[in-house]
Each structure stands twice: as structure tokens, then as C-alpha cells.
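J.: Below: one structure in C-alpha cells.
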Amino acid sequence: GGCGRRKEAAAMAEGEGLVSVDYEVSGKVQGVFFRKYTQGEAKRLGLVGWVQNTSHGTVRGQIQGPTARVRELQEWLRKIGSPQSRISRAEFSNEKAIAALEHKDFQILK
């Protein structure tokens, strides 16, 4: 019977396959409202996590949410960023499936 498959699909829809991924963006990404735009984009996509400037001129953080949405923000971090930014590289690491979101919203950390 197709019983087992239906249950599996329902479970997947419920969790939507949440993932957590760390990122670091290099280039001209400080002093160009990069964090503010990243936060805005993350909120638009319904993602949670954080973003901060590092002491060595990059912007880093973590994104959590449904896989497809996280992919969209990764693409945005790789190619678009804030209007004045010049992204030379976006690196993603520590990607893992999570059972629940570990952040309440998307914050800019000082």
C-alpha cells in the first residue's frame, strides 16, 4: 500500500528540512550596510541567524531555515549583497540539518 509514503511526505512537509549553515563573505563588505541588507534579505526569506563584521574585514554569520530559502540567501551572499558592496568570495561551512531553529530572528551582532 502507499500508506508509508504518504506519512513520510507529511513528516517532510512539517519539518520542511531545516538546515543551519555558517558563512563568511570577503571583499568590500564593511561600511557598505552589508549587515543591514543581509538582515533585510534574511527576514524577507523568513530565515533566522545572525551577521557581524570581523576584525579582518569580512562579514560572517549563520543562517537557519528551510533548505530552499537558505540556498536563496547563499546565492544572494555570493552574488548580490548590498548595493555598494563588492563581493570577492563567499564561503559556506558547517552545513547541517537541524530539528528546530536555534535563533528567534535574524540579528546584527556588534
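J.: Work out from phi, with θ = phi - 60° and the Karplus expression 6.51 cos²θ - 1.76 cosθ + 1.60, the ³J(HN,Hα) of each residue of the stretch 79-84, listed in order in whole Hz, and give x for Gly and Pro.
T.: For the stretch 79-84, the Karplus-derived couplings read 10, 10, x, 7, x, 8 Hz, x marking Gly and Pro.
J.: Largest first and in whole Å, what are the equivalent-ellipsoid semi-axes of the chain based on the Cα gyration tensor, each being the root of 5 times an eigenvalue? Before the final figure, lay out each step's value.
T.: Values: eigenvalues 191, 31, 26 Å².
Its equivalent ellipsoid spans semi-axes of 31, 12, 11 Å.
J.: Short version: ³J(HN,Hα) in whole Hz for each residue of the stretch 49-61, in order, from phi by Karplus 6.51 cos²θ - 1.76 cosθ + 1.60 (θ = phi - 60°), x for Gly and Pro, what are they?
T.: Residue by residue, the stretch 49-61 yields x, 7, 8, 8, 7, 9, 6, 9, x, 10, 10, 9, x Hz.
J.: Whose amide H sits under 5 Å from the amide H of residue 95, counting only residues 5 or more places off or on another chain, with H placed in the peptide plane?
T.: 22
J.: Let me ask you something else. Counting each DSSP H run of 4 or more residues in the chain as -39500 (n - 2.57), what helix-only mean residue ellipticity at 222 nm follows after dividing by all residues, to the nearest 500 deg cm²/dmol?
T.: Numbers: 3 runs with 38 residues, N = 110.
Taking each H run of at least 4 residues, the total per residue is -11000 deg cm²/dmol.
J.: With springs connecting C-alpha atoms under 10 Å apart, model the chain as a Gaussian network and identify which of 64, 84, 52 has the largest mean-square fluctuation.
T.: Its mean-square fluctuation being the largest, the pick is 84.
J.: May I pose another question? What is the local net charge at residue 52, summed over the other residues whose Cβ is closer than 9 Å to its Cβ (Lys, Arg +1; Asp, Glu -1)? Could the numbers behind the result be given before it?
T.: Values: positive: 35, 60, 110; negative: none.
That works out to +3.
J.: Give the cross-link partners of residue 36 among the lysines, using a straight C-alpha distance below 30 Å as the criterion and excluding same-chain residues fewer than 8 apart.
T.: Within the straight-line cut-off, residue 36 pairs with 28, 79, 96, 104, 110.
J.: Sticking with this structure for a sec: Take the chain, mark every one of the GluC sites (Glu not before Pro) that falls in a DSSP loop and has at most 12 other Cβ within 10 Å, then report the longest stretch left between them, sites excluded. Show your work: numbers first, answer last.
T.: Details: sites that count: 16, 102.
Result, exposed sites excluded: 17-101.
J.: Taking amide H positions as placed in the peptide plane 1.01 Å from N, state which residues far from residue 107 in sequence (5 or more) or on other chains have amide H under 5 Å from it.
T.: Amide H neighbours of residue 107, under 5 Å, 5+ apart: 49, 50, 51.
J.: Enumerate the amide H contacts of residue 19 below 5 Å, restricted to partners 5 or more residues apart or on another chain; note that Pro and chain-start residues carry no placed amide H.
T.: 65, 67, 98
J.: Let me ask you something else. What does DSSP give for the chain in terms of the percent of beta bridges that are antiparallel, rounded to the nearest 5? Intermediate results must be reported in sequence, preceding the final value.
T.: Values: 23 of 27 bridges.
Around 85 percent of the beta bridges assigned by DSSP in the chain are antiparallel ones.
J.: Which whole-Hz ³J(HN,Hα) couplings does the stretch 87-100 yield from phi under the Karplus relation 6.51 cos²θ - 1.76 cosθ + 1.60, θ = phi - 60°, glycine and proline marked x?
T.: Result, ordered by residue: 8, 9, 7, 10, 10, 10, 8, 6, 6, 8, 6, 10, 7, 8 Hz.
Readers should treat all values here as calculations from the given coordinates under stated rules, not as data from a laboratory. The model shown is predicted, which means the values in this text are computed figures rather than measured ones. Ideal geometry is used to build each Cβ from the backbone, glycine not excepted, and the neighbour counts take in all protein chains shown.
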